[in-house]
Amino acid sequence: MTEIGEFVITENCTFCSRSEDVIENELAHVRYDKYPVSDGHMLIIPHRHVSNYFELTPEERIAMFELLEEVKLLLRPDRPFGMCMLTSYPAIQVI
């Protein structure tokens, strides 16, 4: 386990590994899903470990939605765009 500022990076955590990040900001990062259900399926992940979306700070939520705007421009700025938020266990995705 490594601490970077207030964030704890856990060596075996799938979401802590930053090698696959496409974009990031101070509080969150984005990567393509390893098992996409559609073309362009991406995950927006907070840097801080939390159990679900509702444990995020207001600043973390804003940071994630700012990244959502960037993802839209990155993927298909001129086409329809879908977004899904799953929170708490059991969500559909299992790692």
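The condition of being closer than 21 Å to N12 by Cα and modelled with pLDDT of 90 or more holds for only one of V71, V30, V94, V50, that being V30. For the stretch 59-87, a residue qualifies if it is in contact (Cβ under 8 Å) with a residue 12 or more places away in the chain and in a loop (DSSP other than H, G, I, E, B), and the qualifying residues are R76, G82, M83, M85, T87.
The values are calculated or read from the model by the stated rules, or taken from the named source; none is laboratory data. Predicted model only: the values in this text are computed from it and were never measured. Don't worry about glycine lacking a Cβ; one is built from the backbone with ideal geometry, like all the others, and counts go over all protein chains shown.
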